[in-house]
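Scroll down for the structure; my scribbles are underneath it.
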Amino acid sequence: MKKIKSSWFRFWAAVLAILGVVHSKDANARTFYYKTLQCGGPVKSGDLNNTVLYEENCRTESYTSEEIVKQDITTSGAVDCYCDDKTLLKYSVSCIVTSYLDPDSETTHYSYDLKKGDCDKAVCDPGDTQDCTTTDGSGTQTCNAYGQWGSCDVTTCANGYLMIDGTCHETCTIDGGTGYKKTLYEDVSDSSSTEA
């Protein structure tokens, strides 16, 4: 009798697992939900009846059973949405708000634009690292959430460069020894200082 009960228990546990009723005990199990991102608001200041609203269905990952149905991103920063349930690839969604003052009516008018990134073909798996080289050294770079390689984090300077405060600077010969070149102003291409 116990053997029959055990078999039935295993059978129904398998059925419920397939239907998604039995959830993984893993606290980090990935569960995906769709939430609606909303971008927009009054076109004229104070005119709540004259509104424009853009929406984007965003696939999001949740580690709780609480599902976020809608999220207003009109005044918030960009939100990352998953491209699918199988990869870690993401695209970015943001709400751009512009305003101008009507000189005749002294009314502030607003316009809204929902900006959506693309799910570009991944060239790497998010989180992966690889060796990289630049003109001033070598190091590693990490694959970002969009499946693209990030900038090179230089840890070793090339010949003719010196590591100062985590940055490789080109060395140079000065009176009495060797120094390095340091950019003072990014907006002036040839402004540099030589330090011993």
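The values are calculated or read from the model by the stated rules, or taken from the named source; none is laboratory data. In this text, all values refer to a predicted model and were calculated from it rather than measured experimentally. Note: ideal-geometry Cβ built from the backbone for every residue, glycine included; neighbour counts use all protein chains shown. In case anyone asks, the SASA skips ligands and DNA or RNA and just uses the protein heavy atoms, side chains included. Shrake-Rupley method; radii C 1.70, N 1.55, O 1.52, S 1.80 Å.
So, for segment 141-182, what is the accessible surface per residue at a probe of 1.4 Å, expressed in square angstrom?
Details: 2620 Å² over 42 residues.
I get 62 Å² per residue for this part.
Are any of the pairs LYS121/LYS181; LYS35/LYS121; LYS44/LYS70; LYS86/LYS116; LYS86/LYS115 more than 31 Å apart by Cα-Cα distance, and if so, which?
Working: LYS121/LYS181 40 Å; LYS35/LYS121 24 Å; LYS44/LYS70 24 Å; LYS86/LYS116 20 Å; LYS86/LYS115 24 Å.
From the list (LYS121/LYS181; LYS35/LYS121; LYS44/LYS70; LYS86/LYS116; LYS86/LYS115), the Cα-Cα distance tops 31 Å for LYS121/LYS181.
In whole percent, and with a 1.4 Å probe on the protein chains, what portion of the accessible area of segment 55-172 is carbon and sulfur?
On the way: 3410 of 7590 Å².
C and S atoms contribute 45 percent here.
Using 0.36 nm per residue, how much length does the chain from ASP104 to SER138 gain when fully extended, once their Cα-Cα distance is taken away? Can you show the working numbers first?
Numbers: separation 34, 0.36 × 34 = 12.24 nm, distance 5.98 nm.
That works out to 6.3 nm of additional length.
For segment 87-189, which semi-axes, largest first and in whole Å, follow from the square roots of 5 times the eigenvalues of its Cα gyration tensor? Can you show the working numbers first?
Values: eigenvalues 357, 146, 11 Å².
Taking √(5λ) for each Cα gyration eigenvalue gives 42, 27, 7 Å.
Starting from the 7 Å offset along Cα-to-Cβ, what nm value, one decimal, do you get for the label separation of THR31 and LEU162?
Using points 7 Å along Cα→Cβ, the separation is 5.8 nm.
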